[in-house]
Structures are given as C-alpha cells and as structure tokens.
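Student: Below is the structure I would like to discuss, written out as structure tokens.
Taken together, the values in this text are just the output of simple stated rules run on the coordinates, not laboratory data. Because the structure is a prediction, the values reported are computed rather than measured. Please note: Cβ atoms are built from the backbone with ideal geometry, for glycine as well, and neighbour counts cover all protein chains shown.
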Amino acid sequence: MSALTQSTPAAAQSDAAPEKELRPPSYWPFVVPALVVVLAIIIFPWIFTIWMSLNEWKVGSPTTFVGFSNYLRLPSDPRFIEAIGHTLVYTVLSVVLPLVLGTLAAVVFHQKFAGRGFLRGIFIMPMMATPVAIALVWTMMFHPQLGVLNYLLSLVGIPPQLWVFHPGTVIPSLVLVETWQWTPLIMLIVLGGLAAIPTEPYESAQIDGANIWQVFRFITLPLIMPFLFIAGMIRMIDAVKSFDIIFAITQGGPGSASETINLYLYSVAFIYYDLGYGSAIAVVFFLLIVALAAVMLYARQRMLWTEIASGA
Amino acid sequence: MTPRQIIGKIGLWLAVFVIVSPAILFFLWMASLSLKFEVDNAAYPPVFIPEHFAWKNYADVLGSNRFLTYFINSLVVTGSATALALMVGVPAGYGIARMAAHKSAIVILIARITPGLSYLIPLFLLFQWLGLLGTLIPQIIIHLVVTVPIVIWIMIGYFETTPLELEEAALIDGATRWQVFRHVALPIARPGIAVAFILAVIFSWNNFVFGIVLAGRETRTLPVAVYNMISFDQLSWGPLAAAALIVTFPVLLLTVLAQRQIVAGLTAGAVKGG
C-alpha cells in the first residue's frame, strides 16, 4: 500500500490523502497563537460564566456557591418571562420580513442593469453603517411631533403614530429598523444562491409558456430553498441577540415593553451587578438560541421528507 | 426592442428604485438633519433642503476637544484588534484549511451564536482584577471576540480555494513550512486578507455593547461617545446628526469603495460578532 502511494505521487496529490510531507500535525504551529486567543476570550469566558452561574455573585459582596438556585429563580421571574415573549415576537418578525423582502430584492439584483454594482453597494449600506448612529437618526424620525415618519403618514392620510413611544407599537417600530438594516444580508445570501442556479429549467419553462409567478414559485423558490434556510438561520441568531438598536432607541422601554432577554441580561449584570444571576441568564439565553436553531433544522428536515414523500 | 421588452425594462428600473430608496432616503435625511439649524429641524412640515446650511454643526462636533480623544480611541481599539486578529487569524486559517480540520469551525460557530454580553460578564471581572479598567486594553482584547472569528472564518474559506501545487513545489525544493506560508501562500491570499481586514475593521468600528460596559470617560470609542451625547443634547438634533454621520462616514465610504470585497466576504457566510 505504501509502495503504491510512493510510486504514484501524482495520484497521491490529487487524492484527499496527503503525502508524507503534508502530514497534518505539522501545521499545528500556525494554529497555536489563534488557539491561545480563542481559549482566552471565548472558551475561558464560557467556563467562567457557567461557574459564576452556580454562585451568588454580586459586585462588592463575597461569593457563595448556591448550586442551581440562580436557574431556579428564572421561571418565577416575571421580567424574564416577559422578556422571552418580547424576544420571540421580535425575532419572528425580524426573520420573516427581511426574508421576504430580501428574496424579492435578490430577484431584482439578479437581473442585469447599468450601475448594478454601485447600487448594490448603496443597498448594503444600512447593514454596514454604525448601528448606534443609525438608531439615533431613527429616534428622530420616530419623534411624534417633529418626526419625518408621521409627516410621511400624514401625506397619505394616516393619523400620527407614537411609534417607539407607545408600548403597543414599540416592537413593530423596532422591527421596522431591524428590517431596514438587515434585509440586505438576506439579499446577498439569496443572490449567491440565484447565481448558482442552472439555466436549463428556465429555458424549458419558457417553452412551456410559464408566467413569471409560476417560474418563481415552481423553479426559483425550490432551488434557492437551501440558501433561504441558511439566511433565515443567520438572521434568527442575529435577531435574538439584537442589542444596539433596541438599547439606543428605547433601552427596553417604554416601561419594559421592548425589553428582550439581551436587554434584561444587561440590566441584571451591569446595572444591578448581579453577576451570578446574569450568568445564569446568559447560559439559558445561549441554550434558547441553540434550541431555536434546532427547531429550524428540524422543520427543514420535515419539509424535505414531505417533499420526498409527495414525490416532488 | 419590442414593447414588451420596453415595459420589462421600465418595470425593472421601477423595482430597483423602490428597493434602493429606503437606504438612499434615510442617509439623505440623515445628511439633511445634520446640515440644518434648530429652527429648520423643529419645523413642521419638515424642511428637506434648508436655505442656509448649518456647517457649524460639523465644526462644533469636530472642534470639541473630546471628539479627538474619542476618535483616537476608536482608531487604537479597531486598529489594534484588527492587526492582532490578522496576525493570529491568517496563519490559523491557513493551518486549519491545510489540515482540513473542519471540526475546529465549531468553536467559531459557538462564538457566532454567543451573545456579546456573555463574554462581558467574566471578562469585566477579569479586567477589574487586573486593574486594567481605566485603559483601552480591555476594549482591544474584547474586540478580538469580534475580529478573530471573522478573520479565521474568511481565511479558512480563502485558503481552501488557493492551489496547492506551488506550495508543494516549494516544499520539495527544501523550503520550510513557514517559508512556504510566508513567500508562497501569503502573497496569493492577499485578496482574501483584504476582505477579512475590511470586515474586521467595520464590525469592530461599529461595536457598541463592549464600550458601554468597559469604557470610562476617557476611554470611550466613537459609538459610545455618540450614544452619550443623546442624554445631554436631547433637543439639538443638528449637532447630534452631524456626530452620527461623522462616526459612520468612514464605514459608509468603505462600503461603497470596497463593495465587491464586502459582498464576497458576507456571501461566504461571514460572521458578525457581538
């Protein structure tokens, strides 16, 4: 076996199995510095967070080991339960709206037109711009008396709204900002998917006389489904964790109407300095994100099975 | 062109216009707010293009002595965090790609999923114990949470696409692995490094959450400084909008100039930290 490999180096090269000189362990020195950094800033904080979550740990007072009692506090903490509700509503809206709009935008940017690269650069500006700076301008635009949004509404005969200043409209208003900001990312991912689609199905659809909607529904959509799924997953992870926009515009208010888990975590850890309880929230929060991702994966699998079962 | 094609063309341009206008109108309005005196900013119906431009809003922001401090803080934090990330992340991406150690990407995934605040709790305590809280060092270190995963992730993807033949030839000629990396792999990877650099700079520059916890009065970065302006200047929109635009301007400029690299990096499934 080894004689064979040695006698045909060309075959070994093209094969996945590397030659003796390229034996994997020798690349370790390249990875070690990054490994040290990752251990220090990602792994260590995680282990330490889990340890802290098992302690009564407040800034300025001695720490005591309390086992799981920080976790047991969570189900009976109304603010935490309420925050879960806000987070879920915020997340679902902030995934669905950008997903729909981003897909439509991708279909348009997939066409050829003059200045496409430049306009695509403009289109992605909202997601690259500094979130706090953007939040500040949106706050001015949401202003009930002087804000430009109520002026625009008045032009089409809609009465002025209180936007982020009313508990009933604060989450949809924040979702509006989030959608404006992150639709471009969905567009880019779906655009990458569209570029990978073969042209044959479109040619035969044209011959069969399919209209634009039929082509989109029965050819484009199924083919970009994997990309939509990835885009949705990334969007979900970011939306659950959304902080800058909410913090800078409402700080979780009015009252606690827009307080998501991340905002509550901030208050517990860095306003009340209850670091043990905050760590428990951080751990549960992480597990919640993983659980949401798992649900999405499961739903995707179910969809695939149904497609196979129905012979599509 | 047939009438049908002409209608198609018009429809396409209409669609493009509808899609880009929220971004264009927002930033134009931002510029408008920043260039108006308070009289115009408080006017109803709103004034879009004022008769007199309030350039003094910009002069006020740029002229305040604090602004320079915060600008330098931002430069130091983003510059150091990006440079360090490139120093450790580019070789790591190379090593991982060549070893085909795809399981190591799980760590990056965990970093991607973890909320930024969960890093802050333990690291905040650590920095307190080490007595570093009055300096920029804590922020530089914690910004690595953002920049290192971005750089590693993009470089793994990039080195996987660069050809192995040249590297193997160099190895056969007796070059050490380090020399191969330094003189063969690295020059080829320059476009990938550019993508990693640009995205690391942008996401570090924009970061807010680490600053509000770790920055003191003297160590604020620009996003934190702008946020703190809100509470003091609730009603002077002009200077506030000017400050916001100044903070985000470098990023917007980079986005338009390097949109090809940014799109390539983000489409490759790039990561936003924090």
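Student: Per residue of the range A:173-179, in order, report the coupling 6.51 cos²θ - 1.76 cosθ + 1.60 (Karplus, θ = phi - 60°) as ³J(HN,Hα) in whole Hz, putting x for Gly and Pro.
Tutor: Whole-Hz 3J(HN,Hα) from phi for the range A:173-179: 5, 5, 5, 4, 5, 4, 5.
Student: Give the cross-link partners of B:Lys36 among the aspartates and glutamates, using a straight C-alpha distance below 17 Å as the criterion and excluding same-chain residues fewer than 8 apart.
Tutor: Correct list for B:Lys36: B:Glu51, B:Asp60, B:Asp233.
Student: What distance in nm separates the two pseudo spin-label positions at B:Leu75 and B:Arg190, each 7 Å out from Cα along the beta-carbon direction?
Tutor: Result for the modelled spin labels: 2.6 nm.
Student: Taking a quarter of the surface of the convex hull around the Cα atoms of the protein assembly as shown, what do you get in nm²?
Tutor: Numbers: hull surface 135.4 nm².
Orientation-averaged projected area of the Cα hull: 33.9 nm².
Student: Continuing with the same structure: All other residues with a Cβ under 12 Å from the Cβ of A:Ile84 taken together, and with Lys, Arg as +1 and Asp, Glu as -1, what is their net charge? Let's see the in-between values first.
Tutor: Numbers: positive: A:Arg79; negative: A:Asp77, A:Glu82, A:Glu259.
Once all neighbours under 12 Å are counted, the net charge is -2.
Student: Averaged over its residues, how many other protein chain Cβ atoms are within 10 Å of peptide A:137-146's Cβ atoms?
Tutor: Working: counts 13, 2, 3, 8, 5, 0, 1, 0, 2, 7.
Counting other chains' Cβ atoms within 10 Å and averaging over A:137-146 gives 4.
Student: If you stretched the chain out fully between A:Trp28 and A:Trp305, how much longer would it get, using 0.36 nm times the residue separation minus the C-alpha to C-alpha distance?
Tutor: Working: separation 277, 0.36 × 277 = 99.72 nm, distance 4.12 nm.
Taking 0.36 nm per residue and subtracting the Cα distance, the gain is 95.6 nm.
Student: What average count of beta carbons from other chains do you get within 10 Å of the Cβ of residues in B:249-259? Please report the intermediate quantities before stating the final value.
Tutor: Values: counts 3, 1, 5, 8, 0, 1, 8, 7, 1, 2, 10.
Per-residue shielding by partner chains comes out at 4.
Student: Quote to one decimal, in nm, the extra length available between B:Gln5 and B:Ile49 on full extension: 0.36 nm per residue of separation minus the C-alpha distance between them. Don't jump to the answer; show the numbers that get you there.
Tutor: Numbers: separation 44, 0.36 × 44 = 15.84 nm, distance 3.75 nm.
Difference between extended and current length: 12.1 nm.
Student: If each DSSP helix of 4+ residues adds -39,500 (n - 2.57) and the sum is divided by the residues in the protein assembly as shown, what number results at 222 nm, nearest 500 deg cm²/dmol? Mind showing how you got there, number by number?
Tutor: On the way: 31 runs with 416 residues, N = 586.
Computed ellipticity for the protein assembly as shown at 222 nm equals -22500 deg cm²/dmol.
Student: How large is Rg/Rh for the range A:69-309, to two decimals, with Cα atoms and a Kirkwood Rh? Intermediate results must be reported in sequence, preceding the final value.
Tutor: Values: Rg = 20.9 Å, Rh = 20.2 Å.
Radius of gyration relative to Kirkwood radius: 1.03.
Student: Turning to a different aspect of this structure: Evaluate the relative contact order of chain A (contact order divided by residue number), counting alpha-carbon pairs under 8 angstrom at least 6 apart; express in whole percent.
Tutor: Numbers: 294 pairs, mean separation 83.9, N = 312.
For chain A, the relative contact order is 27 percent.
Student: Helix hunt in chain B: which complete DSSP H runs extend at least 20 Å axially by C-alpha with mean Kyte-Doolittle at least 1.0? Each step should come with its number before you reach the end.
Tutor: Numbers: long enough: B:3-34 (45 Å, 1.55); B:65-99 (51 Å, 0.97); B:116-130 (21 Å, 1.63); B:137-161 (36 Å, 1.76); B:190-206 (24 Å, 1.47); B:237-257 (29 Å, 2.10).
Flagged H segments are B:3-34, B:116-130, B:137-161, B:190-206, B:237-257.
Student: Let me know the mean shielding of B:261-267 by other chains, meaning the per-residue number of their Cβ atoms within 10 Å of its Cβ. Intermediate values should be presented prior to the final figure.
Tutor: Numbers: counts 0, 6, 9, 2, 1, 9, 9.
Per residue, the average neighbour count from other chains is 5.
Student: Related question: Considering the dipole of chain A built from charges on the beta carbon (Lys and Arg +1, Asp and Glu -1) around the Cα centre, which of A:Trp138, A:Asn262, A:Leu221 is farthest to its positive end?
Tutor: It is A:Trp138, whose Cα lies furthest towards the positive end.
Student: I would also like to ask the following. What residues have an amide H closer than 5 Å to that of A:Asn55, excluding those fewer than 5 places away on the same chain, when H is modeled at 1.01 Å from N in the peptide plane?
Tutor: The list, which skips near neighbours in sequence, is A:Val66.
Student: Mind pulling up the Rg/Rh value for chain B? Radius of gyration and Kirkwood radius, both on Cα. Please list the in-between numbers first.
Tutor: Numbers: Rg = 23.1 Å, Rh = 21.6 Å.
When Rh is taken as the Kirkwood radius, the ratio is 1.07.
Student: If I model a spin label at B:Glu160 and B:Phe17 as a point 7 Å from the Cα along the Cα→Cβ vector, what separation in nanometres do I get?
Tutor: With each label point 7 Å from Cα toward Cβ, the separation is 4.3 nm.
Student: Same structure, new question: Treat every Asp and Glu Cβ in the protein assembly as shown as -1 and every Lys and Arg Cβ as +1, leave all other atoms uncharged, and give the resulting dipole magnitude about the Cα centre to the nearest 20 debye. Spell out each step's value before the answer.
Tutor: Working: 28 positive and 26 negative charges, 30 e Å.
In debye, rounded to 20, the protein assembly as shown gives about 140.
Student: Continuing with the same structure: To the nearest 20 debye, what charge dipole does chain B have about its Cα centre, counting +1 at the Cβ of each Lys and Arg and -1 at the Cβ of each Asp and Glu? Could you put the intermediate results ahead of the total?
Tutor: On the way: 15 positive and 11 negative charges, 64 e Å.
Using only the charged Cβ atoms, the result is roughly 300 debye.
Student: What residue among B:Ala258, B:Ala244, B:Ala83 has the largest mean-square fluctuation in a Gaussian network model of chain B, using Cα springs under 10 Å?
Tutor: Highest fluctuation among the options: B:Ala258.
Student: Out of the chymotrypsin sites (Phe, Trp or Tyr not before Pro) in the range A:110-162, which ones are loop residues according to DSSP with at most 16 other C-beta atoms within 10 Å? Display every interim value, and only then the final one.
Tutor: Numbers: sites: A:Phe113, A:Phe118, A:Phe123, A:Trp138, A:Phe142, A:Tyr151; in loops: A:Phe113.
Counting only loop positions with at most 16 other Cβ atoms within 10 Å, the chymotrypsin sites (Phe, Trp or Tyr not before Pro) in the range A:110-162 are A:Phe113.
Student: Let me ask you something else. What longest region of chain A stays clear of trypsin sites (Lys or Arg not before Pro) that DSSP places outside H, G, I, E and B and that have at most 15 other Cβ atoms within 10 Å?
Tutor: Details: sites that count: A:Lys20, A:Lys112.
Segment A:113-312 is the longest.
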